[in-house]
1. Between a first residue in segment 196-216 that is in the same structural domain as residue 47 (by TED's automatic domain parsing) and a second residue that is of a type in the set (D, E, K, R) and buried (at least 17 other Cβ atoms within 10 Å of the Cβ), which pairs have beta carbons less than 9 Å apart while being 6 or more apart in sequence or on different chains?
2. Taking into account only those residues within segment 35-58 that are farther than 22 Å from residue 116 by Cβ and buried (at least 18 other Cβ atoms within 10 Å of the Cβ), which is modelled with the lowest pLDDT?
3. What number of residues within segment 118-140 satisfy the criterion of being in a helix (DSSP H, G or I), hydrophobic (A, V, I, L, M, F, W, C) and surrounded by 19 or more Cβ atoms within 10 Å (Cβ to Cβ)?
4. What pairs can you find where one residue is in segment 140-155 and at positive phi, the other is at pLDDT 85 or above, and their Cβ atoms are less than 6 Å apart, with a gap of 6+ or different chains?
5. Just to be sure I understand the filter: pairs with C-beta atoms under 6 Å, separated by 6 or more residues or on different chains, first member in segment 222-249 and within 17 Å of residue 169 (Cβ to Cβ), second member modelled with pLDDT under 85 and assigned to a loop (DSSP other than H, G, I, E, B). Which pairs pass?
6. Only residues in segment 58-85 that are without any contact (Cβ under 8 Å) to a residue 60 or more places away in the chain count as the first member; pair them with residues that are assigned to a loop (DSSP other than H, G, I, E, B) and of a type in the set (Phe, Trp, Tyr), Cβ under 8 angstrom, at least 6 apart or cross-chain, and list the lot.
7. Please specify each residue of segment 243-263 satisfying the condition of being part of a strand (DSSP E or B) and either of a type in the set (A, V, I, L, M, F, W, C) or over 29 Å from the mean Cα position of the chain (by Cα) (or both).
8. Identify, please: which residue in segment 21-34 is in contact with a Pro (Cβ under 6 Å, 6 or more places away or on another chain) and of a type in the set (A, V, I, L, M, F, W, C) and is, among those, surrounded by the fewest Cβ atoms within 10 Å (Cβ to Cβ)?
Amino acid sequence: MSREVVRFGHTELPERQREVLRRAVRLEWITLGVLTVTVILMFFVVGNSQAMRAAWIEDMLSFIPPIAFLVAVRINRRLPTKRHPYGFHRSVGVGHLVAAVALCSMGIFLIVESGSALLRGEHPTIGTIELFGVSIWLGWLMIAVMAVTSVPPVIIGRAKITLAKELHNKVLYADADMNKADWMTGIGSIVGVSGIGLGLWWLDSAAALFIAASILTDGVRNLRGAVADLMDERATTFDDRKPEPLAVRIDDYLRGLPWVADAGSRMRDEGHVFHVEAFVVPIDGTVPSLEMLESAREACIALDWKVQDIVLVLTRELPEVVGA
């Protein structure tokens, strides 16, 4: 005798999201290529500038989010197992946490280092180099490199935000956020190098502090969001700005069923999909048929592709923690 198997934690994406994911993967590989060129160019011109050194380290850190995204994409495709019955979607959250911790650690390190240099009154110098037989102040090369390498991350970052929204992928959004902020790092470095050239030695350390504070701010914001998701906080939108509205849509649909007196759900973020537990109070305590329950469950899944894992729980009254 055959029977239908109810699947939980499945990994298939709709065609639209599969295409978006392919574009995101391509964009992350492009990001790694751009970062590689940027880091190599900056290595040759970093000199004694604290601001340039901070910017170079930030670009090194920028490798972490795209690598975390690419690794998570491969892992979360795996099917659920007995050991991992919810699937491997949380790999996205783990990647988000790794990137956030790295950002926080390096931000604190650079603030301490740059602040110490400022307090000690270090006077960095920038010399000259011979290029094609001409003696050139190295600062001009620093400024040129920072001006050129600051443009691509801004363009790439804007493209990633759109993809992150469609995929509900917070690692991709964190990466996009870092890319968009790179222009501030570029300007900070240019200001610091210009300060050295003008004899304002303190401007270099101040610019490095500005860059370090930017890194730490990104890290703290992403760390807060990553930990909250792993702690099963109420699901939020991809940018962590507001509660995920999908939970309200599920509750409204269930309340509209003729056999339902009230309904409320709790939803947790599994990475880029949601695990939903919907509590349903039947009218007059009448237990619905299995067909009615399965129909309601399938209809909830059909509301949005992110509802890949949902269970309906019959109860006499709703728990206090569910609902709006």
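The values are calculated or read from the model by the stated rules, or taken from the named source; none is laboratory data. These numbers were taken from a predicted model, which means no experiment stands behind them. In this analysis, Cβ positions are derived from the backbone assuming ideal geometry, glycine residues included, and neighbour counts consider all displayed protein chains.
1. Once the first residue is in the same structural domain as residue 47 (by TED's automatic domain parsing) and sits in segment 196-216, its partners that are of a type in the set (D, E, K, R) and buried (at least 17 other Cβ atoms within 10 Å of the Cβ) give 196/204; 208/53; 208/113; 211/58; 212/58; 212/113; 214/58; 215/58.
2. 45
3. Qualifying residue count for the region: 1.
4. none
5. Cβ pairs passing all conditions: 225/240.
6. Going by the 8 Å Cβ cut-off, the qualifying pairs are 75/88.
7. Scanning segment 243-263 gives 260, 261, 262, 263.
8. Within segment 21-34, the subset in contact with a Pro (Cβ under 6 Å, 6 or more places away or on another chain) is 28, 31-32, 34.
Subsequent filtering for residues that are of a type in the set (A, V, I, L, M, F, W, C) retains 32, 34.
On the way: 32: 14, 34: 19.
Here the residue is 32.
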